[in-house]
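The values are calculated or read from the model by the stated rules, or taken from the named source; none is laboratory data. Given the structure is predicted, the values throughout are model-derived calculations rather than measurements. No Cβ is skipped: glycine too gets one built from the backbone with ideal geometry, and neighbour counts run over all protein chains shown.
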Amino acid sequence: MNEQSAKNKLAWEHRAYEFWNRRDGSPKDKAQQILENPKAQLKKHQLYFEQIEGKKIANLCGSNGRKAVPLSLLGADVTVFDISEENKKYALELADSANVSIQYVVTDIYDIDLEKYSGYFDMLYLEGGILHYFNDIKKLMSILFSLLKVNGVMVLSDFHPLRRCITSNSKIQYQIQQTYFDEDLHSGDVAYKHYFDEYEQQEFPDVSIRFYTLSEIINSVITSGFNLMKFDEHRGWKNENIPWEFTILASK
């Protein structure tokens, strides 16, 4: 495990289980919400998972299982790869409460056992702001390509790079630390830090992140061997007229 991954593992194993219970409720309560309409939990990605019964799906950086469990309820054989034991604890309790089974492998994505999983999956699903946790996007995409079966499909959704350049009032930011073309590693707050009291936040380890431009992301998909099938941009979470997220559909 490289230095960046080790730092991110430390951060994502600091009170993450507590956070999920605070934000999403207990695994039992969250499971009841998912069971009401599993497909709805996939939100804007529902159309990519119309017929998945029996398909092997890898949910990479799958966090607390909030996507893996709905996919399993829809009939898929789901394996989560994630770096956090705390995330695993919540995810397995969530799956148990929903009366489904998921596989959960705690690992750095760079360290996935490719002898075991090469050409294993029908689909890959990555979503929710994860690319910045990897300092070598070409290596990441090469691993993802290896995991897929021939004719397999990857659904990759992440934060739109342009959102780093836009403030809440849509004016351009000029701070040096948020330069669009910056290639350096930065220290930052773990995503859930601000859900805790201010005095508690001082104890949270930082994450290590590397921002990518939109062209770096798209080109890494293409040069790794994927066939880029579709690229969608999404508005803000409150329907703001700004680019907030994107989704890439690619095949092998």
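Return yes when Y180 is more than 30 Å from N151 (Cα to Cα), of a type in the set (S, T, Y) and not in a loop (DSSP other than H, G, I, E, B) and no when it is not.
Against the criterion (more than 30 Å from N151 (Cα to Cα), of a type in the set (S, T, Y) and not in a loop (DSSP other than H, G, I, E, B)), Y180 does not qualify.
So which residues in region 203-232 are exposed (fewer than 13 other Cβ atoms within 10 Å of the Cβ) and either farther than 23 Å from L47 by Cβ or acidic (D, E) (or both)?
Answer for region 203-232, where residues must be exposed (fewer than 13 other Cβ atoms within 10 Å of the Cβ) and either farther than 23 Å from L47 by Cβ or acidic (D, E) (or both): E203, S215, T223, D232.
Suppose we filter region 191-248 for residues that are within 20 Å of W20 (Cα to Cα), touching a Lys or Arg at 6+ places or on another chain (Cβ under 9 Å) and part of a loop (DSSP other than H, G, I, E, B); how many remain?
6
Which members of region 120-158 meet the condition of being without any contact (Cβ under 8 Å) to a residue 60 or more places away in the chain and not aliphatic (A, V, I, L, M)?
D136, K139, S146
Surrounded by 15 or more Cβ atoms within 10 Å (Cβ to Cβ), closer than 22 Å to L140 by Cβ and at pLDDT 95 or above: is that true of S72 in this structure?
no
Given the options V155, V150, name the one that is in a strand (DSSP E or B), loosely packed, with under 11 Cβ neighbours inside 10 Å, modelled with pLDDT of 85 or more and on the phi < 0 side of the Ramachandran plot.
Step by step, each of V155, V150 is checked, and only V150 is in a strand (DSSP E or B), loosely packed, with under 11 Cβ neighbours inside 10 Å, modelled with pLDDT of 85 or more and on the phi < 0 side of the Ramachandran plot.
In region 116-133, which residues are surrounded by fewer than 21 Cβ atoms within 10 Å (Cβ to Cβ) and within 13 Å of N151 (Cβ to Cβ)?
Result: G119, D122.
Where residues in region 49-69 are modelled with pLDDT of 95 or more and over 16 Å from the mean Cα position of the chain (by Cα), which of them is nearest to D111 (Cα to Cα)?
K56
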